[in-house]
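The values are calculated or read from the model by the stated rules, or taken from the named source; none is laboratory data. Please read all numbers here as calculations on a predicted model, not as lab measurements. A quick note on method: Cβ atoms are made from the backbone with ideal geometry, for glycine too, and the neighbour counts reach across all protein chains shown. Heavy atoms of the whole protein, side chains included, go into the accessibility calculation; ligands, DNA and RNA do not. Shrake-Rupley method; radii C 1.70, N 1.55, O 1.52, S 1.80 Å.
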Amino acid sequence: MASKRILVICGTGVATSTVVATKIKDFCASKGLDATISQGKVTDTLRGDLAADFIVATTQVPGSVGIPVIAGLPFLTGMGLDKVYAEIEKQFG
């Protein structure tokens, strides 16, 4: 499987994205998925030219980003987390 660049987006790019990025990193490691994970804030998506294969977002992301967006709110609520992990794994093809 190819390596993927994952951008984790929250409102400010600090606390929430750190929690989610850590969980995604642990998940990818447990599945043997090669991923580079970076964090950002939702306003980063407005500048375009995102260096990522897909986004995991805990907040609303503009539809104009041009790359797949996975809803990351289940990382905070715990509800629907299996589905989110399946979506992330699917991005690796």
> When you look at V84, is it free of Cβ contacts under 8 Å to residues at least 40 places away in the same chain and open to solvent by less than 40 Å² (accessible area, probe 1.4 Å), yes or no?
Replying inline: yes
> Checking G78 against (1) at positive phi; (2) at pLDDT below 95; (3) surrounded by 12 or more Cβ atoms within 10 Å (Cβ to Cβ), which single condition isn't satisfied?
Replying inline: (3)
> So which residues in segment 45-60 are of a type outside the set (A, V, I, L, M) and crowded, with 18+ Cβ neighbours inside 10 Å?
Replying inline: T45, F54, T58
> Can you spot a residue in segment 61-68 that is part of a helix (DSSP H, G or I), open to solvent by 80 Å² or more (accessible area, probe 1.4 Å), in contact with a strand residue (DSSP E or B) (Cβ under 9 Å, 6 or more places away or on another chain) and free of Cβ contacts under 8 Å to residues at least 24 places away in the same chain?
Replying inline: yes
>> Among the listed residues L33, L73, identify the single one that is in contact (Cβ under 8 Å) with a residue 12 or more places away in the chain, open to solvent by 70 Å² or more (accessible area, probe 1.4 Å) and among the hydrophobic types (A, V, I, L, M, F, W, C).
In response: L73
>> Quick test of your reading of the structure: T16 fulfils all but one of (1) outside any loop (DSSP other than H, G, I, E, B); (2) open to solvent by 20 Å² or more (accessible area, probe 1.4 Å); (3) modelled with pLDDT of 95 or more. Name the failing condition by number.
In response: (3)
> Looking at segment 15-30, which of its residues are more than 11 Å from T58 (Cβ to Cβ) and free of Cβ contacts under 8 Å to residues at least 12 places away in the same chain?
Replying inline: T22, D26, A29, S30
